[in-house]
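Report on the following structure.
The values are calculated or read from the model by the stated rules, or taken from the named source; none is laboratory data. Keep in mind that this is a model prediction, so the values were computed, not measured. Neighbour counts are summed over all protein chains in view; Cβ atoms, including those assigned to glycine, are modelled from backbone coordinates with ideal geometry. Note: areas computed on protein heavy atoms with side chains; ligands, DNA, RNA excluded. Shrake-Rupley method; radii C 1.70, N 1.55, O 1.52, S 1.80 Å.
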Amino acid sequence: MFTPRGLGNPPAVRRDHERDQRRSAPVDRGPHRFPPGLFDAVLLDRDGTLVEDVPYNGDPEKVRPVPGAREALDRLRAAGLRLAVVTNQSGLARGMFTADQLRRVNARVEELLGPFDTWQVCPHGERDGCACRKPAPGLVRAAARALGTSPTRCVMVGDIGADMDAAAAAGAAGIMVPTPATRPAEVASAPTVVDDLPAAVARILDRIGLVAAPASASRRGTVLVVRSDAAGDLLVTGPGIRAVAAGADRVVLLCGPRGRAAADLLPGIDEIIEWPLPWIDGHPAPVDPDDIHRLTDRLTTADADEAVIFTSFHQSPLPLALLLRMAGVPRISAISDDYPGSLLDIRHRVPTGVPEPERALSLAAAAGFTLPDDDEPALRLRADRLPAAPAGPGEPGYVVLHPGSSVQTRACPPELAIRIVRVLHGAGYRVVVTGGPDERELTARVAAAGGLDLGGRTGLGELAAIIARAGALVVGNTGPAHLAAALRVPVVSLFAPTVPYGQWGPYRVPTVRLGDAGAACRDTRATRCPVPGHPCLSAVEPGRVLSALRLLGVPADAPAGAVFAGPPRGPAVTATGGVAR
Ligand SMILES: [Zn+2]
């Protein structure tokens, strides 16, 4: 009955399974209207998360909820969230308990903890190769489907790495509640870690509350929004800008030169002012009083009714707030831990560790702007602004490897990139290597191992067009990862832990995280790796990228070992996005 059939759960098992689940889930609450906001559903691991882990338990009498579980789950139910149990039960395949015993144990869990809206159980063994056993994303996807939502609108709570990995591979959020048995590397790698189940529930409700509509909604007029750093920063601020656009008559964006190309791709912006700000720029020019005067004049002509200044946590909104006051902007909102005096009307505070897109949404909400119900709080691009993809990669379904980054610690080490290309190429993947104009030497070296070199041939728009047709993107912690998130293209994230993954990892997109999250560079914000050899990433086995692609369901589609047919044809594309003639 539980014979695996390669990837994809055998339909017969799935059907039996759902019948079992209906029997164990007595409550049908009928059609459900989800509350607007971040999440529709919370998926919970069973053993070690909801109830104490009794290995291969077939005895209802041994079911012991973790402390505070019932009250915590009732808080989620009261908030309108649907609940699922998502659990591996390989004891069934191993004959450690019967299907009937499993049903009785699950019924006891519901008796003690209240009803769950769906139960998703993997009955297979570790070696069965099924698509449902966590860390595969099958159960998470099935739970979302059963609840009438999508994985990106779900958050998974679990006690081990497989729970977090399954959630991430499906595009769901993850919160880990480790037990003493959880491996330290799995704790280090989790996007969010809290002490216990009630704390996980509090975190979920806090995140929902942070971006929720304020009491005094509905603002209008011209709003100046600001995000002054790099392309990736603009992309993760996109949902916050869309929230402002939903409530404003007109949106003017002030951005820096490094973010301009991304700004051009974002929805909701009517006008762009591009200006480097010496208190934000990573390589700032000296402050020039004439330049500051000119900027202040330019801001005055924008005639904004209010301003929302988006920043990263290490940036100050206050110098710009002063200029905006001088430009006559009557209402200014920003996140500021520093005392703002009379520079801010809305001084917002956000706890650390909140994902950047939610941090931006929470400032927008504090200023009175929220996304409309039909706008998923994910990253998005303007489809009408995407240029045609450069010729060369051929049919969609290739894998893009983007090895570089403007910040060394966040890039894929070149030697690793070469080995990844070799392994993927050997396994039959078509690999496209991308990089900026100053990375041509790097991309040529990397692509020589068996990929197509598009180094220097793509501006941000063309890169987006290339990624949009990819099966997956393999990339460090850099802008293109957020392009892929905005395009719903799965990401294999080679993420150096110099900054928190839960804050800067690819948002709401199927992702596999690789690299040593507990390495010595963790949370150092270092731009050059402080540890010789950059071990957090360079120790990644290229075969892990192959496994990651399989977990994400990205097939190889070229005959093994086949090379791309010749160099790319068609006109070369310049770095600024124009077509060279
Ligand atoms: Zn399974």
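Of note:
- Residues that are in a loop (DSSP other than H, G, I, E, B), hydrophobic (A, V, I, L, M, F, W, C) and in contact with a Gly (Cβ under 9 Å, 6 or more places away or on another chain) within the stretch 334-370 comprise 354, 369, listed in sequence order.
- Only residues that are on the phi > 0 side of the Ramachandran plot and not basic (Lys, Arg) were counted across the stretch 486-501, and they come to 0.
- Residues being more than 10 Å from the ligand (Cβ to nearest atom) and part of a loop (DSSP other than H, G, I, E, B) - total across the stretch 93-137: 11
- Scope the stretch 129-147; condition within 20 Å of residue 176 (Cα to Cα) and open to solvent by less than 30 Å² (accessible area, probe 1.4 Å); matching residues: 132, 134, 136, 137, 138, 139, 140, 143, 144
- Residue in the stretch 439-451 that is nearest to residue 407 (Cα to Cα), counting only those that are buried (at least 24 other Cβ atoms within 10 Å of the Cβ) and out of contact with any Gly (no Cβ under 6 Å at 6 or more places or on another chain): 446
- Residues located in the stretch 305-362, provided they are open to solvent by less than 20 Å² (accessible area, probe 1.4 Å), of a type in the set (Ser, Thr, Tyr) and more than 25 Å from residue 503 (Cα to Cα): none
- Selection of the stretch 418-438 for residues being under 17 Å from residue 476 (Cβ atoms), open to solvent by 30 Å² or more (accessible area, probe 1.4 Å) and either over 27 Å from the mean Cα position of the chain (by Cα) or without any contact (Cβ under 8 Å) to a residue 40 or more places away in the chain (or both) yields only 438.
- The stretch 361-373 residues that are within 14 Å of residue 248 (Cβ to Cβ), paired with ones that are basic (Lys, Arg) and not in a helix (DSSP H, G or I) (beta carbon under 8 Å, 6 or more apart): 367/219; 368/219; 369/219
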